[in-house]
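Engineer: This is the structure I have questions about; it appears just below.
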Amino acid sequence: MPGLLLANFDLDECIERLYNKELLPEIVVNALCSKVKELLIKESNVVHIQSPVTVVGDIHGQFHDLLEIFKIGGPCPDTNYLFLGDYVDRGLFSVETITLLVCLKLRYPSRINLIRGNHESRGITQTYGFYTECLRKYDSANVWMYFTDMFDFLTLSVVIDNSIFCVHGGLSPTIHSIDQIKVVDRFKEIPHEGPMADLVWSDPDDTKSDFSLSPRGAGYTFGIEIVKKFLYMNNMHHILRAHQLCQEGYQVLFDNRLSTVWSAPNYCYRCGNLASVLEVKDNGERFFNVFDAAPENGEHTMMLFNPEQKSQSLFAQPQPVEYFL
Amino acid sequence: MNIPATTAFSGFTSISTPPAKSFLPPPNNEKLAIAVDDWRIYTTHNPILNSVELDKVTESIGIPMPEMIFGNNGFRLLHEPSGWEITFDALNAVDGVDKTGDRDGLLKVSCSQDWLKSRQKRELESKISGVVKPFDWTYSVAYSGNVTPSPNNTNQISFEVTEERIPIDKLKRPDPILFFDNMILYEDELSDNGSSVLDIKIRVMPERLLLLCRFFLRIDGVLFRIRDSRTYIEFKTGEVIREFQTQEATYESLRKKIPSYVEDYGVYLRDPNWVSQHIPIQSVMCEKAIIT
């Protein structure tokens, strides 16, 4: 394909192809990932941006719903976007989703920001579907390698208007001030423990006021006192995060000090939940724009019924008649 | 290995099945899926609980709910002449989870050791207010439905333990399937440490039906666990056979059974059917009653 050669591929053409749900050649994906790494390596662990911006939570490979978000929230670059991570795994189109986001980042670097989620990791994607999808769509693990190497460069947090702290998961008992995030060495696989793990993994809990240890034996939850203290110490007003499914598409906790935004409607094509994007206006106002699953999902979930798609068996909603025992 | 020494819980413990409790107002969209012989099969399909419902059931059941809880979903198998029925729903199932960790022992995720060590190293203890009220976060249950005895009570129906098994040969026949459905009751991704799913499949043939309620657990790097309850009904005779089976194996032992040429082992480990065929059976128990 002319214009799509390695060195100077045409980004607009790539984006166009992706909007049409076409995959890009492996060699192009490789080049895109290398390019975007050069861009991401310059970003701080805490990127400062200005409103207005539309904040998007977990996508999980639900590509049609991502396209729906651009319809609802406005196309990129007319609308500024901040994505809070978890682009891949679980949904059927992780490759298309992350490829498009990488292209948009390269094309409009100041208009779109991408934070790392706990699924942007080699370990997790091998278990939860992205690895399998790459093998299936490209017949080799190379594309998975390009993307997961690129994940190591994604930033950990964003601050909007010096006032809203945005992260994928939540707070960490080792981090009191935002400056402490800036010195974390983030260019690596997400570790099992420590500040970097906490930022992408932890969850708020409105029944406990402090940090608590999960009964699983790993992972923290944090309560209202922790949030108050963090906001006060850093002179901020709100924490914005994703990471947790909510039926209504969003949840506001701790007397409006923390919001969860969830952007995968009908999660895993079976939960029947709503989704939202959070629009932060330039006067600081926050508005949850709630939406339902894109109609295109229907056609494509039919492919779940293909018995060869064995690994997807858990995803299927109404399966064909089955002589189970 | 992280399986505690005190895994006393062997799965299905009793043949007496409690009647269903009511945690939420009944949803109004229950559908009669099929009427066959003396039996009526009702199904209810709904989205996951909303936050109001979630708060309500979290309080009444007393533990955090699984991430995806289909609390307004269920199956109801009614024997019309007698009024005897067996129901399956998510909230009665979750109510069977060990709510303190005292009964079944608490499992830990694979990275727990490293995690605890680093915490001590950092002397963080003072800032952490303790473990969130412990409960079985794997949501392991041995759920076999809830039985409502026949209301007129004219004929006491009681299940007896039997050596008999569900007649597999009859189920292997290619009889037409008049009705098939499946439904997830709940699912939790264990914060990406694995997967815990309780789901139900049913198929109704002209002369019999089979319902499989399966709990499937995978804790990455730790273990696999399956607890199946099968309900088999032979329409002509009114025979109801219920079979309870538990299976468990360490993660590593199962991973070794994947053919060595396989590059993408995750496909196997995510597939409950493959897992169920490759892990040892711990216990099987059958009970039987005639419903007339």
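The values are calculated or read from the model by the stated rules, or taken from the named source; none is laboratory data. Small disclaimer: the values here were computed from a predicted structure and weren't measured. Neighbour counts run over all protein chains shown; Cβ positions are idealised from the backbone, glycine included.
Engineer: Any idea which of B:252, B:248 is more than 21 Å from residue A:123 (Cβ to Cβ), of a type in the set (Asp, Glu) and away from chain A (no Cβ under 11 Å)?
Structural biologist: On the way: B:252 fails: more than 21 Å from residue A:123 (Cβ to Cβ).
Going through B:252, B:248 in turn, just one is more than 21 Å from residue A:123 (Cβ to Cβ), of a type in the set (Asp, Glu) and away from chain A (no Cβ under 11 Å): B:248.
Engineer: Could you please let me know if residue B:216 is at pLDDT 95 or above and touching a helix residue (DSSP H, G or I) at 6+ places or on another chain (Cβ under 8 Å)?
Structural biologist: Working: at pLDDT 95 or above: yes; touching a helix residue (DSSP H, G or I) at 6+ places or on another chain (Cβ under 8 Å): yes.
Criteria met by residue B:216.
Per-residue answers, yes or no, for (1) closer than 24 Å to residue A:77 by Cβ; (2) in contact with a Leu (Cβ under 9 Å, 6 or more places away or on another chain); (3) buried (at least 24 other Cβ atoms within 10 Å of the Cβ):
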{"position": "A:106", "(1), (2), (3)": "yes, yes, no"}
{"position": "A:116", "(1), (2), (3)": "yes, yes, yes"}
{"position": "A:142", "(1), (2), (3)": "no, no, no"}
{"position": "A:191", "(1), (2), (3)": "no, no, no"}
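Engineer: Here is a further query. Could you please give the count of residues in the stretch B:68-112 that are more than 26 Å from residue B:53 (Cα to Cα), hydrophobic (A, V, I, L, M, F, W, C), touching a Phe, Trp or Tyr at 6+ places or on another chain (Cβ under 9 Å) and within 14 Å of another protein chain (Cβ to nearest Cβ)?
Structural biologist: The qualifying residues number 3.
Engineer: Looking only at residues that are of a type outside the set (A, V, I, L, M) and in contact with a Leu (Cβ under 7 Å, 6 or more places away or on another chain) in the stretch A:239-249, which one is nearest to residue A:51 (Cα to Cα)?
Structural biologist: Within the stretch A:239-249, the subset of a type outside the set (A, V, I, L, M) is A:241, A:243-244, A:246-249.
Those still in the list that are in contact with a Leu (Cβ under 7 Å, 6 or more places away or on another chain) too: A:241, A:247-249.
Working: A:241: 17, A:247: 27, A:248: 24, A:249: 22 Å.
Per the criteria, the residue is A:241.
Engineer: Right, something else. Return yes when residue A:183 is modelled with pLDDT of 95 or more, among the hydrophobic types (A, V, I, L, M, F, W, C) and surrounded by fewer than 16 Cβ atoms within 10 Å (Cβ to Cβ) and no when it is not.
Structural biologist: On the way: modelled with pLDDT of 95 or more: yes; among the hydrophobic types (A, V, I, L, M, F, W, C): yes; surrounded by fewer than 16 Cβ atoms within 10 Å (Cβ to Cβ): yes.
So residue A:183 passes the test.
Engineer: Answer yes if at least one residue in the stretch A:212-233 is part of a loop (DSSP other than H, G, I, E, B), of a type in the set (Lys, Arg) and modelled with pLDDT under 95, and no otherwise. Please lay out each step first, then the result.
Structural biologist: Within the stretch A:212-233, the subset part of a loop (DSSP other than H, G, I, E, B) is A:214-219, A:223.
With of a type in the set (Lys, Arg) added as a condition, the list becomes A:216.
Of the ones still in play, those that are also modelled with pLDDT under 95 are A:216.
Scanning the stretch A:212-233 turns up at least one residue that is part of a loop (DSSP other than H, G, I, E, B), of a type in the set (Lys, Arg) and modelled with pLDDT under 95.
Engineer: Another question, if that's okay. Provide a single number: the residues in the stretch B:16-33 that are crowded, with 17+ Cβ neighbours inside 10 Å and outside any loop (DSSP other than H, G, I, E, B). Let's see the steps before the verdict.
Structural biologist: Our first condition is that a residue be crowded, with 17+ Cβ neighbours inside 10 Å; within the stretch B:16-33, this holds for B:17, B:20, B:23, B:33.
Okay, now just the ones that are also outside any loop (DSSP other than H, G, I, E, B), so B:33.
Matching residues across the stretch B:16-33 total 1.
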